[in-house]
Amino acid sequence: MAEYSDIVKCHPLLVLISEKPMTWYGFMVVNKDTRIEIKLRVPHYPELRGASVHFGQQICLFQGSEFRSKYKGLLQNATSVLSFLRQLQGLMEGIIKKKRIESTTKEYFFNKDMLKELKTVLKEPNIEVQGNNDLSAVKIIYKSISVTLKPENTGNSWALISSDLPELPIWRPFDKCISTLMEATKTLQAKVNALEDIWRELAEIDENCWVIDPVNPKPCHLYRRIHINSALSLHIKLNPLDSDGHHPEMKLLGSDKEVYKTREILSDNLCKWDADRSILENIMELLQIEELPQRPPDEPKDDGAIFGDDECCICFSMESENGEIPSEICSNEKCRKHFHSSCLLEWLQTVAGKQMYFARCHGTCPVCKENISCAVKLNFLYNWELI
């Protein structure tokens, strides 16, 4: 592959991690001070049709719809992977140069009203305020939960940079509650106090269960997917606004056989949910088990293994491009391979002998060739009829 050697020469920190689909992952060196984590997936290589690019956290340097539209335009119009990478590198270099020019001509200054705001917020009980040297960003912390703000260029208003808080439909978005630092502080306090009980329940789950997803739980994550057995897991989503003690949203994920069997047990015992018990106690009661499995001690990794036991056996990764982790499991006890639902659905739609029953696509397992099925979302139904 001639282009591959040119890519390696021009971008030595980018590595080809998969040939089906063609996927490069690593870092793009923009200049001597900046490296951007990047993952480029080209399913129809060498054509860029359907290609997608994902960036690491360093992409915050290029925040803004203008950059997004420009790099997507490059992706659509480039004639090769190498030409796209060169144009993307040039785009980033131009943005960095522009920002450096702006930063040298811009002076940060704060009027008396802004300084007065900071002093007022610091008087609030249990509130900690942190800021960088030029106070171009301010972090407000309450009970270990924080939001980070920056002053707007005009007036005394503030803009949200980051937040530990989850976004809930019934709540007014946090970035609409920060016209002043005090308003932001009061909003933070109110939301943290409202979520304390939920976070306490989630902490108990993290401590006593084998949590599969999220891999690194954060305060904004109000769900947990816990391991039940090698072919089954339970996804729980908590509603902090439910004051009536209803059971949380629950979904079983895994092999068809295990899901069907456990769903019946869960349905039969759902009436036993008791608001006076913890979520863990209720789950064990509903599933009729005495204890939930714990994550086993870390074992040495087999360097010769192609992929891990929990990774998708189609794309060979734990997390898909849309953040999904493998939720489909083969029912064959000698197989028990894991798959992303999107990967498995795509596989089943391309193999001969596929069938469709009750919004589920049925076919054979990519590994053991035993029967396996996957739910078909409504937005796939029209495509299904065309295949």
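Matching residues to (1) at pLDDT 70 or above; (2) surrounded by 14 or more Cβ atoms within 10 Å (Cβ to Cβ); (3) assigned to a loop (DSSP other than H, G, I, E, B):
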{"residue": "323", "(1), (2), (3)": "yes, no, yes"}
{"residue": "326", "(1), (2), (3)": "yes, yes, yes"}
{"residue": "331", "(1), (2), (3)": "yes, yes, yes"}
{"residue": "352", "(1), (2), (3)": "no, no, yes"}
{"residue": "366", "(1), (2), (3)": "yes, yes, yes"}
{"residue": "373", "(1), (2), (3)": "yes, yes, no"}
{"residue": "385", "(1), (2), (3)": "no, no, no"}
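When residue 30 is tested against the conditions (1) within 23 Å of the chain's Cα centre (by Cα); (2) touching a residue at least 40 places away in the same chain (Cβ under 8 Å); (3) surrounded by 15 or more Cβ atoms within 10 Å (Cβ to Cβ); (4) within 26 Å of residue 162 (Cα to Cα), the lone failure is (1).
Of the residues that make up segment 219-232, is at least one among the basic types (Lys, Arg) and not in a helix (DSSP H, G or I)? Yes, segment 219-232 contains at least one residue that is among the basic types (Lys, Arg) and not in a helix (DSSP H, G or I).
Yes or no: residue 190 more than 30 Å from residue 252 (Cα to Cα), at pLDDT 90 or above and over 24 Å from the mean Cα position of the chain (by Cα)? Criteria met by residue 190. Just so you know, in segment 216-228 the residues that are closer than 20 Å to residue 340 by Cβ and in contact (Cβ under 8 Å) with a residue 12 or more places away in the chain include one that is surrounded by the most Cβ atoms within 10 Å (Cβ to Cβ), and it is 224.
For segment 310-365, filtering for residues that are among the aromatic types (Phe, Trp, Tyr) and farther than 24 Å from residue 52 by Cβ leaves 2.
Filtered by the rule that a residue be under 27 Å from residue 59 (Cα atoms), touching a helix residue (DSSP H, G or I) at 6+ places or on another chain (Cβ under 8 Å) and not aliphatic (A, V, I, L, M), segment 157-171 gives 158, 163, 166, 167. For the list (1) more than 23 Å from the chain's Cα centre (by Cα); (2) not in a loop (DSSP other than H, G, I, E, B), I need the number of the one condition that residue 54 fails. Of the numbered conditions (1) more than 23 Å from the chain's Cα centre (by Cα); (2) not in a loop (DSSP other than H, G, I, E, B), the odd one out for residue 54 is (1). Look at segment 190-202: where a residue is free of Cβ contacts under 8 Å to residues at least 60 places away in the same chain and a partner is of a type in the set (Val, Ile, Thr), sitting 6+ places away or on another chain with Cβ atoms under 7 Å, you get 192/145. Can you tell me which residues in segment 143-164 are buried (at least 17 other Cβ atoms within 10 Å of the Cβ) and out of contact with any strand residue (DSSP E or B) (no Cβ under 7 Å at 6 or more places or on another chain)? Within segment 143-164, 145 is the sole residue that qualifies.
The residues in segment 2-36 that are in contact with a strand residue (DSSP E or B) (Cβ under 9 Å, 6 or more places away or on another chain) and of a type outside the set (Ser, Thr, Tyr) can be counted, and the count is 19. If I filter segment 150-173 down to residues being within 17 Å of residue 222 (Cα to Cα) and touching an Asp or Glu at 6+ places or on another chain (Cβ under 9 Å), which single residue comes out as modelled with the highest pLDDT? Applying the filter and picking the extreme gives 163.
Only residues that are among the hydrophobic types (A, V, I, L, M, F, W, C) and more than 23 Å from residue 338 (Cβ to Cβ) were counted across segment 240-276, and they come to 5. Restricting the search to segment 33-52, which residues are buried (at least 18 other Cβ atoms within 10 Å of the Cβ) and either in contact with a Leu (Cβ under 8 Å, 6 or more places away or on another chain) or hydrophobic (A, V, I, L, M, F, W, C) (or both)? Result: 36, 38, 40, 42, 48, 51.
Here's the yes/no breakdown for (1) exposed (fewer than 14 other Cβ atoms within 10 Å of the Cβ); (2) hydrophobic (A, V, I, L, M, F, W, C); (3) in contact (Cβ under 8 Å) with a residue 60 or more places away in the chain; (4) outside any strand (DSSP E or B):
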residue	(1), (2), (3), (4)
251	no, no, no, no
263	yes, no, no, yes
268	yes, no, no, yes
271	yes, yes, no, yes
274	yes, no, no, yes
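The values are calculated or read from the model by the stated rules, or taken from the named source; none is laboratory data. Since this is a predicted model, take the numbers as computed values, not measurements. For neighbour counting, all protein chains shown are included, and Cβ atoms are generated from backbone atoms with ideal geometry for every residue, glycine included.
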